[in-house]
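The values are calculated or read from the model by the stated rules, or taken from the named source; none is laboratory data. Worth saying up front: this structure is predicted, and the values here are computed from it rather than measured. Methodologically, a virtual Cβ is constructed for each residue, glycine included, from the backbone with ideal geometry; neighbour enumeration extends over all protein chains shown. Keep in mind that these areas ignore ligands, DNA and RNA; they rest on the heavy atoms of the full protein, side chains included. Shrake-Rupley method; radii C 1.70, N 1.55, O 1.52, S 1.80 Å.
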Amino acid sequence: QVQLVESGGGLVQPGGSLRLSCAASGSIFSMYVMGWYRQAPGKQRELVAAITSGGSTNYVDSVKGRFTISRDNAKNTVALQMNSLKPEDTAVYFCNARGRSSLDLDFNSWGQGTQVSVSS
């Protein structure tokens, strides 16, 4: 089993910044991809940013130039630096990791979610 623990959510004014962090633990052999998803009330969960073990990144168009995803493979952590936040960024943000466990099984794990609220 692989567990994800998130931190860093909160309330910020438009134009402000937040940094989300996620730490993975458990029977991890390899994590292929780590990413951040978000879900606003009444909307479908969407991928915000993802990063592979090799460092390749992908962002949803609405956050390009404002958000930066990074990971530390040695520490099994991923972070999302969010700058120039907008009210439409308000959502519950979830950490996600896909990989291979030490038991030679694929896993797809989710964090508990952390609230990000952008409001004046």
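Where the centre of each part is set by its Cα atoms, how far does the range 29-50 sit from the range 76-120, in angstrom?
6
Ranked from highest to lowest mean number of other Cβ atoms within 10 Å per residue, what is the order of the peptides 41-50, 14-23, 74-83?
74-83, 14-23, 41-50
Answer with one residue from SER84, VAL116, VAL63: the one whose Cα lies farthest towards the positive end of the charge dipole of the range 47-120, charges on Cβ with Lys, Arg +1 and Asp, Glu -1.
Going by the Cα projections, it comes out as SER84.
In sequence order, what are the phi-derived ³J(HN,Hα) couplings for the range 51-63 according to the Karplus relation 6.51 cos²θ - 1.76 cosθ + 1.60 with θ = phi - 60°, rounded to whole Hz, with x for glycine and proline?
9, 8, 4, x, x, 6, 10, 8, 10, 5, 4, 5, 10
Counting pairs of alpha carbon atoms under 8 Å apart in space and at least six apart in sequence, what relative contact order in percent does the chain give?
Dividing the mean separation by the residue count of the chain yields 37 percent.
Got a number for carbon plus sulfur as a percent of the chain's accessible area, 1.4 Å probe?
Carbon and sulfur together cover 48 percent of it.
Please state, to two decimals, what the Cα-based radius of gyration of the range 1-66 comes to when divided by 2.2 N^0.38 Å (N = residues).
Ratio of Rg to 2.2 N^0.38 Å for the range 1-66: 1.27.
For the range 4-113, with every protein chain kept in place, what is the accessible area per residue (1.4 Å probe, Å²)?
About 52 Å² of surface per residue is accessible.
Among LEU11, LEU85, LEU103, whose mean-square fluctuation peaks in a Gaussian network model of the chain (Cα, cutoff 10 Å)?
Highest fluctuation of the listed residues: LEU103.
For SER7, tell me the accessible area in Å² from a 1.4 Å probe, rounded to the nearest 10.
Rounded to the nearest 10, the figure is 60 Å².
At q = 0.13 Å⁻¹, what log₁₀ I(q)/I(0) does a Debye calculation on the Cα points of the chain give, no solvent, two decimals?
Ignoring solvent entirely, the Cα scatterers give -0.47.
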